[in-house]
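Input: a single structure, listed below in structure tokens.
Just so it is clear, none of the values below were taken in a lab; they were calculated from the coordinates. Remember, it's a predicted structure, so these values are computed and weren't measured experimentally. When we count neighbours, we look across all protein chains shown, and the Cβ atoms used for this are built from the backbone with ideal geometry, even at glycine.
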Amino acid sequence: MRNQGRVSAPGHLSGPVDGSADSSATATAVAEPENNLLPPGSLSELAATHGLKKTAIRPPLRSYASELWQRRYFIGGFATARNIAMYTEARLGQVWQVLTPLLNATVYYLIFGLLLNTSRGVPDYISFLVTGIFVFNFTQRAFITSSQVIRDTLPLIRALYFPRACLPLGYVLIELQQLILSFAVLFVIVLIRGEPVTPYWLLIIPALVLQSVFNVGAGLILARWGASFDDVSQLLPFIVRTWMYVSGVLFSLQALTLTVTGRLHDHPTIAYLLQINPAAVYITLVRYALLTDYRRAMPGAKPYNQHMCQLYRVFPGQHVYDSAYCHPTLPSMPTLWMYGAGWAVVAAIIGFLFFWRAEARYGRG
Amino acid sequence: MVVVDDLHVVYRVYGSNADKGTAATALLRMIRRQRRPSIREVHAIRGMSFVAYRGDAVGVIGRNGSGKSTLLRAIAGLLPAEQGAVYTDGHAALLGVNAALLEDLTGERNVVLGCLAMGMAPQEVKDAKPNIVDFSGVGDFINLPMKAYSTGMGSRLRFAIASAKSHDILLVDEALATGDAEFQRKSHRRIDELREKAGTVFLVAHNLNEIAETCNRVIWLEKGRIVKAGDDVPGILDDYLVASGSEPRFREAAAVD
């Protein structure tokens, strides 16, 4: 009796299901199904006594994290394999890994350095620009690829069980590998520009580590969004491009704040907020570590001198180094490191939890 | 072990008909906060209950659209239950008809990544790799991207990868149908081994011989419901043959054996 009711009548199902979709079935409804695979008693109790769990339920957070750790080789292997496959169709192959950032930098130099002259008030604009672009590109690529990762790997997700967070992690790792290559290019460029090798260069490593952690966290968030809405990967390039323009990649936010004709001159709050946004923070940290002139001309690098500062503010072209005599526009470097660490930790925690909460839903539909 | 308790699955299909699909209508819809009009609901599984134990190989038969693949995907946890539930004692591996795992990577890399994804350690993967490649029988193709594979080669390699590790539940959806006779023999042996390791295997196949040879239980579906289910495999297969207008042959064959 019990089985009969269960097996044959979906009529008590809520929602619009009952209507049109059902009518065809009732006509052909089979008399009495012969189901010999049904033991007597309540099935849910049977499942409970055998310690079975419902499918499509996400694992508890701790075991999820440990499973993820267990798959670390998979994450590494996935990143390397994808990195190699990415350029197999191109005739120049792996050369593109170096060529892409170089061409990028060239295009921006032609437009912003030469045509629009945004180099005003920045010493050694080329190094400044290339550093900014390479650092920002890391975050940009990590965001855009992470938003597509679930769709890209659907056959794998549907076939095998593994913690899905492996996938965005792998994608960020790919971009990290690319970043290391573009930094090799960057070192060559700044050395050609006459930059001395200093111990400050070591600070690049922690800065990029923090940026990677931030990218992983944000990438996890975007991976979940991108999995449920394709619109995300359509919209994201525009958002990221806007983000690039306001993060001081192509021009100096400090110059915009200090110089009398600068757009941010009368908006110190906006200027401050722009300078503590994650992209700007990581870019500034790397520039500070890599570029001597940047360090030297940093506002606040020398004791405040109203006259010298005024010279910079009115004639930034001629007195490019005198910005050092102005009051700092940035929070101090230690504070900036704190911001960098803060963004990384917050993004990683929120991203991990956010991604984990939808774990059972990836690959559905 | 798998317990399916009064399972209902409803698909929501987007963009079927009725929607003109222009940007203007989409925008208007968003302003009015309406749902997409083109959503159609398909009630693919309409109340299904059964229990499969460890060591069972369960064949699932039925016509196209009877809900076989849907059932497997629900057991794998890839489709949410509208009502009822599926209980399992572990994770399921689902082998479907799409041929590759990561199609722009070589077969060899797919082997390595698949094994790592299943949680094997790098050394285990190294040890298992020759066996997997050998079992799949793809030969020199192992160094080509999987998108260059024929459907049969792709699904053979997938099966070889997924069956390299013992799973609690292995779901095989027509993945063996594209293999040749020799591969089918090999895969039957592999499924038997998995059963002995106390896993549960589900097999969807239109080739009834495959079911008769491999399975100890069978479920016959029609329009999202169970018609017959039980351990009398030849009997149910024959009833299914009669229902679809063919001559029964499995009972006799079983009697001869």
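Among strands (runs of 3 or more DSSP E) lying entirely in region B:138-257, which contain 2 or more residues that are in contact with a strand residue (DSSP E or B) (Cβ under 7 Å, 6 or more places away or on another chain) and closer than 30 Å to residue B:121 by Cβ?
Answer list for region B:138-257: B:169-173, B:200-204.
Name the one entry in B:139, B:77, B:84, B:107 that is more than 7 Å from chain A (Cβ to nearest Cβ), on the phi > 0 side of the Ramachandran plot and without any contact (Cβ under 8 Å) to a residue 60 or more places away in the chain.
Sole residue among the options that is more than 7 Å from chain A (Cβ to nearest Cβ), on the phi > 0 side of the Ramachandran plot and without any contact (Cβ under 8 Å) to a residue 60 or more places away in the chain: B:139.
In region A:56-89, how many residues are within 8 Å of chain B (Cβ to nearest Cβ), more than 20 Å from residue B:101 (Cα to Cα), touching a residue at least 60 places away in the same chain (Cβ under 8 Å) and not in a loop (DSSP other than H, G, I, E, B)?
Counting residues in region A:56-89 that are within 8 Å of chain B (Cβ to nearest Cβ), more than 20 Å from residue B:101 (Cα to Cα), touching a residue at least 60 places away in the same chain (Cβ under 8 Å) and not in a loop (DSSP other than H, G, I, E, B) gives 1.
Any chance region A:143-165 includes a residue that's within 14 Å of chain B (Cβ to nearest Cβ) and touching a His at 6+ places or on another chain (Cβ under 8 Å)?
The answer is yes; a qualifying residue exists.
If you scan region A:329-346, which residues turn out to be without any contact (Cβ under 8 Å) to a residue 40 or more places away in the chain and either in contact with a strand residue (DSSP E or B) (Cβ under 8 Å, 6 or more places away or on another chain) or surrounded by 15 or more Cβ atoms within 10 Å (Cβ to Cβ) (or both)?
Residue satisfying the conditions is A:342 alone.
Among the numbered conditions (1) in a helix (DSSP H, G or I); (2) touching a residue at least 24 places away in the same chain (Cβ under 8 Å); (3) of a type outside the set (A, V, I, L, M, F, W, C), tell me where residue A:163 comes up short.
(1)
Tally time: how many residues in region B:87-103 are more than 14 Å from the chain's Cα centre (by Cα) and more than 7 Å from chain A (Cβ to nearest Cβ)?
2
Applying the selection to region B:175-211, what residues are of a type in the set (A, V, I, L, M, F, W, C), under 18 Å from residue B:88 (Cβ atoms) and free of Cβ contacts under 8 Å to residues at least 60 places away in the same chain?
B:194
Do you know which of the residues in region B:110-134 that are more than 8 Å from every other protein chain (Cβ to nearest Cβ) and farther than 13 Å from residue B:165 by Cβ is surrounded by the fewest Cβ atoms within 10 Å (Cβ to Cβ)?
B:123
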